[in-house]
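What follows is a short report on a single structure.
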Amino acid sequence: MKIHEYQAREILSGYGVPIPRFEVVDDSRDARRVAEKIGSMVVVKAQVHVGGRGKAGGVKLAQTPREAEAHASAILGMDIKGLTVERVMVADAVDIDREYYAGIVVDRATKRPVYMVSAAGGVDIEEVAATTPERIHKHPVDPEDGLSEADAQELAGKLDARPHVARDIAVVVEKLYEAFIGSDASLAEINPLVVTPDEQVWAVDAKINIDDNALFRHPDIEAMRDPSSETDELRRAREMGLSYIKLEGDVGCIVNGAGLAMTTMDVIKYYGGEPANFLDIGGSSSPEKMQTAIDIITGDPNVKSILLNIFGGITRCDDVARGLVAALEEQPVGLPLVVRLTGTNAEEAGRILAEHEMESAETMDEAVEKAVELARRQA
């Protein structure tokens, strides 16, 4: 789950990371009030779940409260990469002497967090990685041992050679790791981590992504979710317990299990088709969940055929078939549908499908070939 910058600032501040004063507002007059309270130059920043806010005009410096109000008025309602700005953050503008990067991601290859620091802060770290990868210093962290004080000091020394400044940076490095682990994040970064002319260290931009699977432990973070940043399809899928990712193809996929879903998309590509989505219905096969899955897929104008591919282990195929029938009786699908059900109670499921004259297949290859061919005919 993505959270806004101001929310990431709140989390980091709770762990002791030095954060400049800020408030979030949804009215330009309130932006002026906050700027008056801060009493110095401020930065007005759009709060949307996309990068490139500055390039889009969503980040502005204001010398006066009146200017902060004007900037907020211009930014609120702005469209940035398809998202409407509904809130802006008004923050104390820090005088920057040097900019650094500090971030942590989960590395699936090593199965541990990897800390990354770079003296090339203030720009996209992806650009640094592509053009000057030698400027990024990486440090895998053993999750059992955690990040030691010595590790933090070594990473800080990669950024700033001044001992007293490196000491303060090391504190931030440690606190960022504590926040990463404490919030069950999949990514946490400060970019830039700045040093002022008087050698103060501040985190002036923050980004944290949370592992969805850990949100049950963090109701406070779950409450930070911004529904307005999701498409209607993503919101409905999440609320119904479906895992959904839209793609650009024309064969809609309804599958149970992430592994089978990935394999199904591979086989569609193998037979010359293009998957329209990743959609994992999980272990439940209720009519409501099936109806939601079908509604989401048929709402995509690119979809020309639908493939339902289920392997019944704990999930019973006859339950899936009954759920599908109930869903289609509630709202018929105006697209060709191919069903492949195998596993627990597959024979009973086959009888149910035959009674309702649904297109079925014995194997995944057969089902995929049919779905790809039907999509071509609809094109």
Log entry, pairs with first residue in the range 95-108 being touching a residue at least 60 places away in the same chain (Cβ under 8 Å), second being of a type in the set (S, T, N, Q) and open to solvent by less than 80 Å² (accessible area, probe 1.4 Å), beta carbons closer than 6 Å, six or more apart or on different chains, reads D95/T196; D97/T196; Y101/S118; Y101/N191; V106/S186
Of the candidates A354, A346, A361, A327, the one satisfying the condition of being surrounded by 19 or more Cβ atoms within 10 Å (Cβ to Cβ) and more than 21 Å from T263 (Cβ to Cβ) is A327
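Can you name every one of the helices (runs of 4 or more DSSP H) wholly within the range 1-76 that holds 2 or more residues which are closer than 25 Å to H218 by Cβ and open to solvent by 30 Å² or more (accessible area, probe 1.4 Å)? Reasoning before the result, please.
Working: elements: 5-14, 28-38, 65-75.
By residue number, 5-14.
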- Task: Evaluate the range 101-118: report whether one residue or more is open to solvent by less than 20 Å² (accessible area, probe 1.4 Å), within 18 Å of P20 (Cα to Cα) and modelled with pLDDT of 95 or more.
- Result: yes
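The values are calculated or read from the model by the stated rules, or taken from the named source; none is laboratory data. For clarity, every value in this text was computed on a predicted model and none was experimentally measured. Cβ coordinates were reconstructed from backbone atoms using ideal geometry, including for glycine residues, and neighbour counts include every protein chain displayed. Accessible surface is based on the protein model in full, side chains and every heavy atom, while ligands, DNA and RNA are left aside. Shrake-Rupley method; radii C 1.70, N 1.55, O 1.52, S 1.80 Å.
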